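First up is the structure itself, then whatever we jot down about it.
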Amino acid sequence: MLFFRNTTILILACALFALPLSAATLVPAEADALVEAASNGDTSALEKLKQSAERHDAEALYRLGTLVFEGKLVRKDLAQAADLFKRAAEKGHAAAQNAYGYLLQHGLGLDKNEQEAAHWFERSAAAGDSEAQSNLGWLYQEGKGVERNLDLAVSWYTKAADAGSGAAAWHLGRLVETGAHAPSQGVSRRAAALDWYGKAAQAGMAAAQYKLGKALYDGEATERDPMQGLAEIEKAAVQGNPLAQYQLALQLAGEGYLAPDETRAMRMAMAAAVAGVPEAERLVASFLEYGVGGKKDPAAALHWYREAAARGDAEAALQLAILLDNGPPELLSPKEAVAAYQQASKAGWQYADLRLGLLYQKGNGVERNYAEALLRYRRAAAAGYADAQYRIAVLYDEGLGVERDGRAALDWYVKAADRGHAEANAVIDRLMNRSDRDSDAFGAFKFGKY
């Protein structure tokens, strides 16, 4: 080790290396203190950080790069952030190597280059940076910038997860759950995945908290614990996970274990709906239609039913159709209702077939077609809808779309009456009264002429 024996030699040495007397290398704790002080309004702290960066201090370069990347305390500039990260990375700063690799991977502030990103992730991962290990694992999993190698992906993910990386634990959970990676012998795939999700949840990953919470709530691959499940779901919802927000909204609306809170339920449902969750869009629509958590607003409900239906939610399509078919006069649109009913029908909602049958029979929003009406009624009748059975009876009774058949009509009236259909019961009552006066019972009657 070289010792300076007098001040003159020390000054000369500092001059030789172009360093000021106070040019000590920043350690992370000192950098933390400077950033915190700057955040609290100490402008001199930020200047000290900049001065250290100008002296090519790796920690200062990395911290300043982070501030520039986030636009915190300084103007956001991705290109400048990339330059700062690169300079720190070249000095062997592991976190900066990972950060620079991330920018290269995503083309932020510089041209996208996944091969170069992999190089920097490799260097950072080898130095023990868990985020870089997770990022490198993802590149191997997807074959981005490197040849796809699932074994290497799992290896890097495992190292990262063991070091506390929530992202790596999440990826391992997904690989196990989807069957891409086999769990340990004797452990079920779902249980193994849930174990990784638990680690990711512990690290604060919202998506994992939701997965864990839902499993605990449903008792899937673990002992059922609804309240603990809801606690995890709430953590995820607070972090903005839309699926968790939707589940929490259902609970707060009175569908579970939590005390009802319609106002908060609407707030959670709306957050998830804005994020594009179709079920949440439908839930918001129903809240607006029936005045849950606020005033009734059928027009706004119509908007959200449309949004959910457009994303393929068949139940939303059904509710949309009902509102367009049987809602407030200013919202009625039979033609659009037909299209929405058809969407719901294709997804297996037989009630939509019943409603379509009515529209085809009336010629409302579509050309009148008794044969199509009968087809739709039959689908709904097969699902047990008494009104569909009654309307089939009427078509046979009147000979609409089918040859008139009194016996078939009677059979359908009886089926509907057996399910409590009031009008079908009334028809049979009239028939019974007439049969009391005539000896030929039902056979002599001509249905529909009472």
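At a glance:
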quantity: Protein-only accessible surface order, largest first, of L358, L136 at 1.4 Å; calculated: L358, L136
quantity: Vicinal HN-Hα couplings computed from phi for segment 251-259 (Karplus, 6.51 cos²θ - 1.76 cosθ + 1.60; Hz; Gly/Pro x); calculated: 5, 6, 7, x, 9, x, 9, 8, 5
quantity: Cα gyration tensor, segment 283-364 - rounded (a/c under 1.5), prolate or oblate; calculated: oblate
quantity: Rounded percent of accessible protein surface that carbon and sulfur make up, segment 151-190, 1.4 Å probe; calculated: 48 percent
quantity: Protection proxy ranking of 289-297, 102-110 - average other beta-carbon atoms within 10 Å, highest first; calculated: 102-110, 289-297
quantity: Nearest 10 degrees, 0 to 90: helix 189-202 Cα axis against the chain principal axis; calculated: 50 degrees
quantity: Probe 1.4 Å, protein heavy atoms only - accessible area per residue of the chain in square angstrom; calculated: 51 Å²
quantity: Heavy-atom SASA rank of V238, V284 (probe 1.4 Å, accessible area, largest first); calculated: V238, V284
quantity: Gyration tensor verdict on segment 259-303 (Cα atoms; rounded if a/c is under 1.5, prolate if a/b is larger than b/c, oblate otherwise); calculated: oblate
quantity: Shape call, segment 358-424: gyration tensor on alpha carbons, a/c limit 1.5; calculated: oblate
quantity: Degrees, to the nearest 10: 130-142 long Cα axis against longest axis of the chain; calculated: 50 degrees
quantity: Derived scalar couplings ³J(HN,Hα) [segment 269-283; Karplus, 6.51 cos²θ - 1.76 cosθ + 1.60; whole Hz; x for Gly, Pro]; calculated: 4, 5, 4, 5, 5, 4, 6, x, 7, x, 4, 6, 4, 5, 5
quantity: Candidates G65, G186, G365: whichever shows maximal mean-square fluctuation once the chain is modelled as a Gaussian network with Cα springs under 10 Å; calculated: G186
quantity: Contact order normalised by residue count of the chain, Cα under 8 Å, 6+ apart, percent; calculated: 4 percent
quantity: In sequence order, calculated HN-Hα J values of segment 36-45 (Karplus, 6.51, -1.76, 1.60; Hz; x Gly/Pro); calculated: 5, 5, 5, 5, 8, x, 7, 5, 5, 5
quantity: Residue-averaged 222 nm ellipticity for the chain, from DSSP H runs of 4+ at -39500 (n - 2.57), nearest 500; calculated: -21500 deg cm²/dmol
quantity: Carbon + sulfur, % of accessible area of segment 208-364 - ligands and nucleic acids excluded, 1.4 Å; calculated: 50 percent
quantity: Degrees separating the helix 370-382 axis from the principal Cα axis of the chain, which is the longest one; calculated: 70 degrees
quantity: Segment 331-395: Rg to Rh, with Rh as the Kirkwood radius over Cα pairs; calculated: 0.95
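The values are calculated or read from the model by the stated rules, or taken from the named source; none is laboratory data. This is a predicted model, so every value here is computed, not measured. Backbone-built Cβ (ideal geometry, glycine too); neighbour counts: all protein chains shown. Heads up: the accessible areas ignore ligands, DNA and RNA and are worked out on the full protein's heavy atoms, side chains in. Shrake-Rupley method; radii C 1.70, N 1.55, O 1.52, S 1.80 Å.
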